[in-house]
Each structure stands twice: as C-alpha cells, then as structure tokens.
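Student: Got a structure for you, questions after.
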Amino acid sequence: MSTAVQTALRIVYPPRCLLCGDLVDSDFGLCGGCWRETPLISGLVCDLCGVPLPGDEDATVAHCDKCLTTARPWSKGRAALVYKDNARRLVLALKHGDRHDVVHLVRSWMIQAASSLVQPSTVVVPVPLHWSRMLKRKYNQSALMAQGVAQSYDCELCPDALTRGYRTPVLDGLGFEERFQALDSAISPHPKKFSVLKGAKVLLVDDVMTSGATLSACAQACLSAGADEIFVLVLARVAPDI
C-alpha cells in the first residue's frame, strides 16, 4: 500500500482507543486514561498461578494461599492482567464481542508474561471449546492468543491437541469444588495428537483463570497423553482480594 493511500486512510479512519474510542497515536492501542485503568501484573507473583502477591520481587519462589492448598498439575503459571476494570472489559470484548482487534493489543502482554515459561521445543496448546460454542462464536479466543505466543517464541502450535467431549455448564456462580466437578472427564487429548504431546513441554493458554479447574482438566489430559511437563499462561487472573 502506498504512503499516500495510507495517509488518506489515517485521515478518514484515524486510530482510536480500543476501549473508549478516543483518538490514539497507533492502531490497536489504548489512550492514556484507559492505560492507567488497565491492571497489568508486575512484581512478586505466585509461581503457580501468576496472581500478584505482597512483597518485593526477588529470587524467592512464592505461592498464594490457594495454590498452597490446591494441587496444581502444572509446574509454573503466569498471567498478564488482574481480571478487573479494563482487563475485564478486554476479556469480555474478545470472548463475547467478536473483537479480534483486542488480540493485537494483548499479544505483547501475553508474550512478556510467557518469558519464564517457554523452553526449547515447547508445544503451545490453547484450551479447547466445545464444538457447539465454537459454532456459535466462530473462533476460539484462546487459540488466537496462543498463536501469537507460539509465533513470537518460534514454538510449535497445536490448536487441536485437546478436545472438549461435552458442553460443560457456565462456571460463573459455581463454587470452587463445583467448578472442578463440572470439568470432570470433559477434556481429553485428541486421538491423533498423542505423538505431539508425548514427552513434550506443554504451554496451556487460556483467557481467564478463576479456580484453575479448566486448566487442571487440560493439564491432566496432556499428562495422560505422555506430556513431560505443563505450564499455564492466561490473559487475566481473578484475584478477589485485589
């Protein structure tokens, strides 16, 4: 595209903030006000789920209270955002609003959060949708984010490594134990992808982690296929006390 055409398009369609619509300097960006209200995670975090923790970041491996009392079938986890304010708006826009443009914004955050998780020969696997939800939504938001992470780190992406055998209920409103029960036996490795998962370091990618039930089901499915080690990466982590 010529410079003249690009300039004309900028005049007719200037870049706007993905959340409030105000003018911004570049495509797929946020204005200053929306940036300030977007809760990016930094500093000391739980090594298993990525939730922010009080204290200074240092070489100490720390865990939150929930991860100290709940067995996690993965080795390490990270999140890019705390699920509140503009983070919640971005997740819902991507998940239910058909806003693929959000992926361009959050990709760099996901890539940065994944820096301590990716190892040589890592296989990136998104959390699967049931076919009925895929048919309705037309895309898997976790797969879109997983694609960006895999490309950035030059990792293998296997978007269909896992399958969701039945449509699980909406988890909102369910208690901690109920969430795990709802996912019982729901997710399994794809029969044709055992060779991809066997012996692999797997990075599971999802949009939001609340209890960890969905990621636990996915991790167990990967381990059942012979995966060597599991890591988890989410766009946003629910942190009720923050």
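The values are calculated or read from the model by the stated rules, or taken from the named source; none is laboratory data. Predicted model only: the values in this text are computed from it and were never measured. All Cβ positions, glycine included, derive from the backbone under ideal geometry; neighbour counts span all protein chains shown. Remember, those area values only see protein heavy atoms, side chains included, never the ligands or the DNA or RNA. Shrake-Rupley method; radii C 1.70, N 1.55, O 1.52, S 1.80 Å.
Student: For segment 182-242, taking Cα atoms only, what is the radius of gyration to one decimal and the Dmax to the nearest whole Å?
Tutor: Final numbers for Rg and Dmax: 12.6, 42 Å.
Student: From the backbone phi of segment 202-213, what are the Karplus-calculated ³J(HN,Hα) couplings (6.51 cos²θ - 1.76 cosθ + 1.60, θ = phi - 60°) in whole Hz, Gly and Pro given as x?
Tutor: For segment 202-213, the Karplus-derived couplings read 10, 9, 7, 10, 9, 7, 9, 10, 10, 8, x, 4 Hz, x marking Gly and Pro.
Student: Per 5 Å bin, what percent of the C-alpha pairs of segment 24-74 does each bin hold, from zero upward?
Tutor: With a bin width of 5 Å, the distribution comes to 4, 18, 19, 14, 12, 11, 12, 7, 2, 0.
Student: Roughly how many Å² is the accessible area per residue of the chain, as a whole number, for a 1.4 Å probe?
Tutor: Using a 1.4 Å probe on heavy atoms only, each residue of the chain averages 51 Å².
Student: How big is the antiparallel share of DSSP beta bridges in segment 107-242, given as a percent to the nearest 5?
Tutor: Looking only at bridges with both residues in segment 107-242, the antiparallel portion is about 15 percent.
Student: Among the lysines in the chain, how many pairs, 8 or more places apart or on different chains, have alpha carbons under 22 Å apart?
Tutor: For the chain, the number of qualifying lysine pairs is 9.
Student: Okay, moving on. List the trypsin sites (Lys or Arg not before Pro) within segment 106-147 that fall in a DSSP loop (any state other than H, G, I, E or B) and whose Cβ has at most 10 other Cβ atoms within 10 Å.
Tutor: Within segment 106-147, the qualifying trypsin sites (Lys or Arg not before Pro) (loop, at most 10 other Cβ atoms within 10 Å) are Lys138.
Student: Anyone know which of Thr60, Thr163, Thr38 comes out most mobile in the 10 Å Cα GNM of the chain?
Tutor: With Cα springs under 10 Å in the chain, the top fluctuation among Thr60, Thr163, Thr38 is at Thr60.
Student: Then there's this: Between Arg16 and Lys84, what FRET efficiency comes out of the Förster formula 1/(1 + (r/R0)^6) with R0 = 25 Å and r the beta carbon distance, rounded to 0.05?
Tutor: Between Lys84 and Arg16 the formula returns 0.60.
Student: Would you mind checking the radius of gyration and Dmax of segment 87-242 based on alpha-carbon positions, in Å?
Tutor: According to the Cα coordinates of segment 87-242, Rg and Dmax are 14.7, 42 Å.
Student: How much length would be gained if the chain were fully extended between Glu178 and Ser75, taking 0.36 nm per residue of separation minus their Cα-Cα distance, in nm to one decimal?
Tutor: 34.7 nm
Student: Per the Kirkwood treatment, what hydrodynamic radius in Å, one decimal, follows for segment 55-108 from the mean inverse distance over all distinct Cα pairs?
Tutor: 13.9 Å
Student: Rounded to the nearest 5, what % of DSSP beta bridges with both residues in the chain are antiparallel?
Tutor: Just about 20 percent of them are antiparallel.
Student: Translational diffusion coefficient of segment 59-163 at 20 °C, 1.002 mPa s, Stokes-Einstein with Kirkwood Rh over Cα pairs, in µm²/s as a whole number.
Tutor: Translational diffusion coefficient: 140 µm²/s.
Student: Can you compute the modelled spin-label distance between Arg133 and Gln119, with each label point 7 Å from Cα toward Cβ, in nm?
Tutor: 2.9 nm
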